[in-house]
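Just so you know, all these numbers are worked out from the coordinates, no wet-lab data involved. These numbers were taken from a predicted model, which means no experiment stands behind them. Quick reminder, even Gly has a Cβ in these numbers, built from the backbone with ideal geometry, and neighbours come from all protein chains shown.
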Amino acid sequence: MKTKIVGLIAVVMLMASAAWAGDTSALHPPAGSRIALVVFEDLQCPACARAEPLLEQAERNYKLPLVRHDFVIPAHTWSMEAHIMARYFDTQSLGEEFRKYIFANQNAIYKTNLRKWADDFAAAHHTALPAFYDPTGALRAKVEADTALGKATDVRQTPTIYVVSTSKQEPYVQVPEQGKLFETIEQVKSALGPAPAMKAAKKK
């Protein structure tokens, strides 16, 4: 009887965890990776700027993919435009660098000078930001879709960081606070175990 009760509690907890996360379609590693970091972030969010060096260090030290999702905070005055610019620079293979640049200079950026910061970034990378960089609204739509995905995932603050893996038992773990990022990665790695050994090809 005791075993059945414990099992029932485990099932209830698992169901509660799944319900809390809402839509989990974003919480998986890219193809070919066993573990990855997924972050929902706002480019005007001070906490996101503070998290950026930790995410970069984790990405570098653990050789993990970092999957970014836009999660625009409506009260932020220049965030949406910065995210749209980042989407434009994605088309130039400069999106990651632009996001890091915005986070690094966040304290000096305002709605009135965002364009100048973006133009300076473009010039430093030997390109230019067009006057109309989202003429069809397609880039804005991508940002809005990402933000909607975050809401469906039950993201309530930025940054919201997950360590995701190919584990069937616990495929995603939300990082409770920035200071526990590396600890959470280690826990997920330990639970996942070593990678399966590659089978040697048979000689003909």
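Observations, loosely collected:
- Dipole magnitude of region 24-191 about its Cα centre (Cβ charges: Lys, Arg +1; Asp, Glu -1), debye to nearest 20: 120 debye
- A protection proxy built from the mean count of other Cβ atoms within 10 Å ranks the segments 25-31, 147-153, most packed first, as 147-153, 25-31.
- Placing a pseudo-label 7 Å from each Cα along the Cα-to-Cβ vector at residue 66 and residue 107 gives an inter-label distance of 2.0 nm.
- Computed on the Cα atoms alone, the convex hull of the chain gives a volume of 182 cubic angstrom per residue.
- Taken over the alpha carbons of region 60-141 as equal point scatterers, the Debye sum produces base-10 log I(q)/I(0) values at 0.11, 0.20, 0.22 Å⁻¹ of -0.30, -0.97, -1.15.
- Residue with peak Gaussian network fluctuation, the chain [Cα springs, cutoff 10 Å], from 77, 91, 158: 91
- Sorted peptide list for 122-133, 79-90, 64-75, criterion being average Cβ within 10 angstrom, highest first: 79-90, 64-75, 122-133
- When each of the peptides 99-105, 115-121, 159-165 is scored by the mean number of other C-beta atoms lying within 10 Å of its residues, the order from highest to lowest reads 159-165, 99-105, 115-121.
- Between residue 141 and residue 100, the modelled label-to-label distance comes to 3.1 nm, taking each label 7 Å out from Cα in the direction of the beta carbon.
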